[in-house]
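Report on the structure given below.
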Amino acid sequence: MGRDPLRMYLVLRRGAIAELARAGELAGAAAVACLRVFETQPAYEEAIAAWRERPGKVCLRARTSAQWEQVLAEPHTLAGAAEGEAVVALPPRRRSQRGPLLERLQAMSSALEAPPEDAPEEPGTVTYALNPAAVMSSGKTVAQVAHAAVMAADTGALDGWVAAGCPGTVIAPGAARFAALAAQATCVARVVDAGLTEVAPGTITVLALAHS
């Protein structure tokens, strides 16, 4: 099904989130919750099991309040507040099964405020470090952070973090700092991109570091 891949769709409302770090944190939380909620439901478990072999995500933007309300009417999980900063995750489906609503939504490409170079390590949180060598659009970045969140949750070692709603921080370190973080024992996930869009195959895009 290479021409009709399974994708988890992440949806943001236009103008609701100004910071890339906040968008990434919420997308990670929504994606993890989506799998926890839907993967044991008979209507979704087969698609999710197949999706996990190549867990692609697409970040979309609801341009109007009406579109956002239609997204919220779909089976979904939401991180944040629906009337404010929020990201919706829709359970994986074939691209051909997006339906008219998702077909109308634009890919997320709006410029958002860049993450800080570093941030305090708060106990019980995860830090997502963006690779400075991987230049990505806002939508691609948000999807990659969500990949990292799912990978971190799937280790089985962060159940308390998952139960707390996956609190996290996104940072954009320099090259030397990124290399140092990659070597730390707290690094619980490395997202290696398949190279289908924007970056070369095999590029590490995001690290996830857990803080106990």
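The values are calculated or read from the model by the stated rules, or taken from the named source; none is laboratory data. Predicted model, so just to flag it, every value in this text is computed and none were measured. A quick note on method: Cβ atoms are made from the backbone with ideal geometry, for glycine too, and the neighbour counts reach across all protein chains shown. Heavy atoms of the whole protein, side chains included, go into the accessibility calculation; ligands, DNA and RNA do not. Shrake-Rupley method; radii C 1.70, N 1.55, O 1.52, S 1.80 Å.
What translational diffusion coefficient, in µm²/s and rounded to a whole number, does the Stokes-Einstein relation yield for segment 95-212 at 37 °C and a viscosity of 0.692 mPa s, taking the hydrodynamic radius as the Kirkwood radius over Cα pairs? Could the numbers behind the result be given before it?
Values: Rh = 15.2 Å.
My calculation gives 217 µm²/s for D.
Using a 1.4 angstrom probe on the protein heavy atoms only, line up E85, E117 by accessible area, largest first.
Heavy-atom accessible area, descending, gives E117, E85.
Among DSSP bridges having both ends in the chain, what percentage is antiparallel? Round to the nearest 5.
Details: 23 of 35 bridges.
For the chain, the DSSP antiparallel bridge percentage is about 65.
Which order do the peptides 139-149, 95-105, 58-68 take when ranked by the mean count of other beta-carbon atoms within 10 Å per residue, highest first?
Order by mean packing, descending: 139-149, 58-68, 95-105.
Any idea of the accessible area per residue across segment 1-56, 1.4 Å probe, to the nearest Å²?
Per residue, segment 1-56 has an accessible area of 49 Å².
Would you mind working out the accessible area per residue for segment 108-212, using a 1.4 Å probe, and quoting it in Å²?
44
Please sort through the DSSP H helices of the chain and keep those with an alpha-carbon extent of at least 15 Å along the long axis and a Kyte-Doolittle average not below 0.0.
20-38, 138-154
Which three extents, in angstrom, do the Cα atoms of segment 141-186 have along their principal axes, listed largest first?
Result for segment 141-186: principal-axis Cα extents of 33, 24, 14 Å.
Choose one of L60, G84, Q70: the residue whose Cα lies farthest towards the positive end of the charge dipole of segment 53-109 (beta-carbon charges +1 Lys, Arg; -1 Asp, Glu; about the Cα centre).
Going by the charge dipole, the pick is L60.
Report, in deg cm²/dmol and to the nearest 500, the calculated mean residue ellipticity at 222 nm for the chain, where each DSSP H run with n ≥ 4 adds -39500 (n - 2.57) and the sum is divided by the residue count.
On the way: 7 runs with 70 residues, N = 212.
Calculated mean residue ellipticity at 222 nm is -9500 deg cm²/dmol.
For the chain, with only Lys/Arg (+1) and Asp/Glu (-1) charged at the beta-carbon, what is the dipole magnitude about the Cα centre, in debye rounded to 20?
Result for the chain is approximately 760 debye, rounded to the nearest 20.
If you place +1 on the Cβ of every Lys and Arg, -1 on the Cβ of every Asp and Glu, and leave all else neutral, what size is the dipole of segment 75-115 about its Cα centre, to the nearest 20 Debye?
Computed about the Cα centre, the dipole is about 440 debye.
Report the percentage of all Cα-Cα pairs in the chain whose separation exceeds 26 Å, rounded to a whole percent.
Of the Cα pairs, 28 percent sit more than 26 Å apart.
Would you mind giving the three semi-axes, in whole Å and largest first, of the ellipsoid equivalent to segment 13-92 according to its Cα gyration tensor?
Sorted largest first and rounded, they come to 23, 14, 11 Å.
Just how large is the dipole of segment 87-212 about the Cα centre, in debye to the nearest 20, putting +1 at every Lys and Arg Cβ and -1 at every Asp and Glu Cβ?
With only Lys, Arg, Asp and Glu charged at Cβ, the dipole is about 620 debye.
Picking from V162, A148, Q97, whose Cα lies most toward the positive end of the charge dipole for the chain (charges on Cβ: Lys, Arg +1; Asp, Glu -1)?
Farthest towards the positive pole: Q97.
Roughly to the nearest percent, how much of the accessible area of segment 4-161 is carbon and sulfur, given a 1.4 Å probe?
50
What percent does the relative contact order of the chain come to when contacts are Cα pairs within less than 8 Å and at least six residues apart?
28
How high is the FRET efficiency between A176 and S137 when r is their beta carbon distance and R₀ equals 35 Å, given to the nearest 0.05?
Once the sixth-power term is evaluated, E becomes 0.90.
Just order 163-173, 187-197 by mean Cβ neighbour count inside 10 Å, highest at the front, would you?
In descending order of packing, they fall as 163-173, 187-197.
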